[in-house]
Amino acid sequence: MEKERTEVDDIDRSIYDFKDSEEGFYRIKEGLTKEIVEKISEEKHDPEWMRDFRLKSLEIYEKLEVPDWGPDISGLNIDDIVTYVRPNTKMSAKWEEVPDDIKNTFERLGIPQAERESLAGVGAQYDSELVYHNVKDEVSKTGVIYTDMESALTGEYEQMVKDHFMKLVPPTDHKFAALHGAVWSGGSFVYVPPGVKLDIPLQSYFRLNAAGAGQFEHTLIIVSEGADLHFIEGCSAPKYNVANLHAGCVELYVGKNARLRYSTIENWSKNMYNLNTKRAICEEGASIEWISGSFGSHVSYLYPSSILKGNDSHAEFTGITFAGRGQNLDTGAKMVHIGRDTSSFINTKSISKDGGISTYRSSVTVMPTAENAKASVSCASLMLDDISRSDTVPAMDIRTDKADIGHEAKIGRISDDAVFYLMSRGIDEEDAKAMIVSGFADPVSKELPLEYAVEMNNLIRLEMKGAIG
Amino acid sequence: MALLEIKNLCVRVDGNDILDNINLSIGRGETHVLMGPNGAGKSTLGNALMGNPVYDITSGNIFFNGLDIKEESPDKRAKAGMFMSFQNPLEVPGISLSSFIRNAITQQTGEKIKFSQYRQDLGSNMELLNFDRSYKDRDLNVGFSGGEKKKAEILQLLMLKPKFAILDETDSGLDVDAVRTVSEGIREYQKFEDGALLIITHATKILESLHVDKTHILVKGRIVESGDGTLVEEINKNGFEKYQDM
């Protein structure tokens, strides 16, 4: 039978343009050094403050420890970090070198050739640049700025970037935030002026082609007072990366009475350590809605956070995680209530199969100032077999009596009776299970734009293939 | 050969022998009734026939349409023309009753039926069953009452048009009106050419308006008596008492 999994084997080290150990001539000094960071800064034509920021981040990075509370990341050799950084600048990946199962998945998802190549980080620059510019023209008429981080940093929005860059996720947050601060590259910058409401979602779909941009990319979105934006990051095709560490950072600033909906389906190749940090801050009356799908990767740490600073602000998080063989996905959300009358809702689904581990981890904090806050957490897990695992770690820290807090957790196994029921109607076992899993995921798919919902269902079907027997 | 031929069937569940040497033969278009006290093994027979993996066939054979289907998975049995109306239909969120039935028809026939035709068939069958039309867009069995679940089962029977259907306690938990509409649906199925039935029940209300060819009494995992439709009336009068010590 044709292999239909999106899994990829360990990276082929020969694609790096330097050699391992012995032959000292090509060998780069272990660890991330000041020289390397300075080199990155120089190649990117950073303004001086950004260069200083990178170096400061590097200092912090060196002082911080690797987190010891989540899934094991010892497979990630921190001393070798330079090897994750270097290929970005010198990567000369070819379409032919992309693993076959990744190519097949693109095919199954119905993604055109040109986009497949760009998703894989190779080729097709011209085509996708063109599409990107078309979107940009339409959007720019509304006064919205949508550009890549490098352009924003070196162009007329430099001050705006400076005022916001890693202010919400400071490099001191954790080791990988510091690493991000030192070596970040690529990503999107969006600014929505006051009162502007965009009808169509902005998508970064076409922007993934920038060489190596998928690895330490920085996304900065500023939605001004009374404005409205739906931003969609990534797509459900596996993002193939030759290196296996992803430490991106997303910072979302939602102004007074503004609304931002941020949707992502992350589907990393299955050798990836995905240590991503996402955070939003809401001013008075603002609302942030997260839709998050986590597929792929070997290990993920992902907990999008919402800081409800303004009174009457609101956050919603809807997420789904699918952990298959060899995957340990630790995902959830974080809510911090500061303002009065703030509300937050967390609704997650996680699925584990073939020995995959899925952990739901969340934290809800209600500060003494957050009178009349309302928070609700609902998480459900579905295990497809006896060897898979699902854990739930919901933390709550409520520091006022005047808060309304609810929590509901459900952990269950796929029902053999339900599978038999569907099979008795002529549906084969694989489809029957996929149908049940899709149904379980339905509350999340419903929140996605149609083409993404379709892709997510396809993705579930792909993950389910080969799950039987 | 009959449509369904059960030979010396023994079935075990969770290490307990439940059915002991069952022999049964059902011809095309025939309606058989399987009666017996609670715990006799009636549902076990239905589940074993349909291929529920929990039910372990320790010996014997099941021939359907001349082929031994003992080793076939439930979906293969369905594709061969078998159907079972469940005693407790399962709730499946995320797929509507209507698209589920259409999906099942496509799986069984291998071709997509025209939507307009499908909608018309579904509509008239729902009307026959006095089944509120809005249910077709609701998630399969989710939040349905007991009666609505049974109606949804009979609706599937009418839409899928199997050669042979097992009705496992379809009348249990239904009020008088619901039993009447459900048995109307069953009568409609009997009208199909060759539509054969095995009706599992421990009550007789559902049988009042149905033509019955044969009745079997199952007690403690064994068929202790078989007869024609009049046996139903006798059971109705005297119960299973006289078979208990056999």
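Read-outs: derived from the displayed coordinates by stated rules, not from any lab. Only a predicted model underlies this, so the values are computations on that prediction, with no experimental measurement involved. Virtual Cβ from ideal backbone geometry, glycine too; neighbours counted across all protein chains shown.
Worth pointing out:
- Put in order of Cβ neighbour count within 10 Å, fewest first, the listed residues A:Ser390, B:Ser96, A:Ser292 become B:Ser96, A:Ser390, A:Ser292.
- The amide H of B:Leu34, built 1.01 Å from its N in the peptide plane, has B:Ile199, B:Ile200, B:Thr201, B:His216 as neighbours under 5 Å, considering only residues 5 or more places off or on other chains.
- Taken residue by residue and averaged, Cβ atoms of other chains lying within 10 Å of the Cβ of A:426-439 number 5.
- Working ranking of peptides A:59-68, B:158-167 by packing, defined as the average number of other Cβ atoms within 10 Å per residue, highest first, is B:158-167, A:59-68.
- Taking every residue in A:413-423 and counting other chain Cβ atoms within 10 Å of its Cβ, the average works out to 6.
- Amide H contacts under 5 Å for A:Arg261, placed H, 5+ residues apart: A:Leu229, A:His230, A:Phe231, A:Glu289
- Among B:61-72, B:21-32, B:104-115, sorting by the average number of other beta carbon atoms lying within 10 angstrom of each residue, highest first, gives B:21-32, B:61-72, B:104-115.
- Semi-axis lengths (Å, descending) of the ellipsoid that matches the C-alpha gyration tensor of region B:14-126: 30, 17, 15
- Note, ³J(HN,Hα) from phi for region A:369-375, Karplus 6.51, -1.76, 1.60, rounded to Hz, x at Gly and Pro: 6, 8, 5, 6, 6, 10, 9
- Entries in A:Lys433/B:Lys79; A:Lys465/B:Lys151; B:Lys79/B:Lys214; A:Lys309/A:Lys402; A:Lys197/A:Lys256 that, when Cα-Cα distance is taken, lie over 22 Å: A:Lys465/B:Lys151; B:Lys79/B:Lys214
- Put simply, the amide H of A:Ser185, placed in the peptide plane, has neighbours under 5 Å in A:Phe216, A:Glu217, A:His218, leaving out anything fewer than 5 places away on its chain.
- Ranking of A:Glu225, A:Glu35 by count of other Cβ atoms within 10 Å, fewest first: A:Glu35, A:Glu225
- Residue by residue, region A:165-182 carries 3J(HN,Hα) couplings of 4, 6, 8, 8, 10, x, x, 6, 4, 6, 4, 7, 5, 5, 4, 4, x, 7 Hz when phi is fed to the Karplus relation 6.51 cos²θ - 1.76 cosθ + 1.60 (θ = phi - 60°); x denotes Gly or Pro.
- Among the residues of B:87-95, the average count of other protein chain beta-carbon atoms within 10 Å of the residue beta-carbon is 6.
- Phi angles of region B:106-115 translate, via the Karplus equation with coefficients 6.51, -1.76, 1.60 and θ = phi - 60°, into HN-Hα couplings of 4, 4, 6, 9, x, 9, 7, 7, 4, 4 Hz per residue; Gly and Pro are given as x.
- Counted by neighbouring Cβ atoms within 10 Å, the residues B:Val224, A:Val183 run from fewest to most as B:Val224, A:Val183.
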